[in-house]
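> Below are the structure tokens for one structure; questions will follow.
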């Protein structure tokens, strides 16, 4: 943990990192993706779900595949799929406390939309604690783990990668960060796509809980 003592920038993925209940949030998003694809492409729900999954695995986001093959309007898609109910999410006072103590710059880096990240962080009661948000639109809809969005994020916020840690629940999204010189932290989970390649050397640290990890960092500092 000592190597994290001099970290000046903390970059957080949004879904599955800033909150635990991925199914509660992304389960809704996924269902709305299926519904959107079904309506737009005139497919039944089973066909739509199959296409959604195939595009996700091939292009890193379902949206990317839909844009490539069907000329889908990305803004319309993002607005539709992120129109979800977050009433079940509670304010995270423990996470807020540790983020407040963290005397470093803090950013959110997501394959979702800025509105979605804003809604999540507002609901958790932590939106005001971040120095910036980098969403899928900031890199012309090129998603993680393509290296381009990482480079653009570094440029946009004038980040020194050697002074930066990136925290993700999808292990493969950490590889580009490591290549660029960041410290990498994987938040453990049992999601198939999340844990894929979680045994690779591009992961510096594996953690069980974000707030507990930040508490350890704050003690070090």
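The numbers here are math on the coordinates, done by the rules we state, and not lab data. Everything quoted here is computed from the prediction, not taken from an experiment. FYI the Cβ positions are ideal-geometry reconstructions off the backbone, even for glycines, and counts take in every protein chain you see.
> Helix 22-41 sits at what angle to the longest principal axis of the chain, using alpha carbons and giving 0 to 90 degrees rounded to 10?
For helix 22-41, the angle is close to 30 degrees.
> In units of 2.2 N^0.38 Å, what is the alpha-carbon radius of gyration of region 24-81?
Details: Rg = 10.2 Å, N = 58, 2.2 N^0.38 = 10.3 Å.
After normalising by residue count via 2.2 N^0.38 Å, the value is 0.99.
> Debye calculation, C-alpha points only, no solvent: report log10 I(q)/I(0) for region 75-143 at q = 0.11, 0.13, 0.14, 0.17 Å⁻¹, in the same order as the q values.
The Cα Debye sum returns log10 ratios of -0.30, -0.41, -0.47, -0.67.
> Contact order normalised by length for the chain, with contacts defined as Cα pairs under 8 Å and 6 or more residues apart; what percent is it? List each step's numbers first, then the result.
Working: 323 pairs, mean separation 50.8, N = 221.
It rounds to 23 percent for the chain.
> Would you mind giving the average projected area, over all directions, of the Cα convex hull of region 1-114 in nm² with one decimal? Walk me through the numbers before you get to the answer.
Values: hull surface 35.9 nm².
The Cα convex hull of region 1-114, projected and averaged over all directions, gives 9.0 nm².
> For the residue pair residue 6 and residue 40, what label-to-label distance in nm results when each label sits 7 Å from Cα along the Cα-to-beta-carbon direction?
With each label point 7 Å from Cα toward Cβ, the separation is 4.6 nm.
> With 10 angstrom as the radius, rank 71, 83 by how many other C-beta atoms surround their C-beta, starting from the fewest.
Values: 71 7, 83 13.
Ascending number of Cβ neighbours within 10 Å: 71, 83.
> For the residues 116, 57, what sequence is obtained by ranking on other C-beta atoms within 10 Å, fewest first?
Working: 116 25, 57 10.
Lowest count first: 57, 116.
> Can you tell me how region 165-221 classifies by the Cα gyration tensor, rounded, prolate or oblate, using a/c under 1.5 as the rounded cut? Each step should come with its number before you reach the end.
On the way: a/c = 2.67, a/b = 1.33, b/c = 2.01.
Oblate, since a/c reaches 1.5 and b/c is not below a/b.
> Just want the ordering: 19, 192, 59, 150, from fewest to most Cβ atoms lying within 10 Å of their own Cβ. Numbers along the way, then the final one.
Numbers: 19 21, 192 7, 59 17, 150 25.
Going from sparsest to densest Cβ surroundings: 192, 59, 19, 150.
> In addition: Over region 24-81, what relative contact order in percent results from Cα pairs under 8 Å that are six or more residues apart? Before the final figure, lay out each step's value.
Details: 45 pairs, mean separation 17.9, N = 58.
Computed value for region 24-81: 31 percent relative contact order.
> A follow-up question, please. What do the square roots of 5 times the Cα gyration tensor eigenvalues come to for the chain, in whole Å, largest first, as semi-axes of the equivalent ellipsoid?
Details: eigenvalues 174, 70, 50 Å².
One finds semi-axes of 29, 19, 16 Å for the chain.
> Compute the helix-to-body angle for 210-220: its Cα long axis versus the longest principal axis of the chain, expressed 0 to 90° and rounded to tens.
20 degrees
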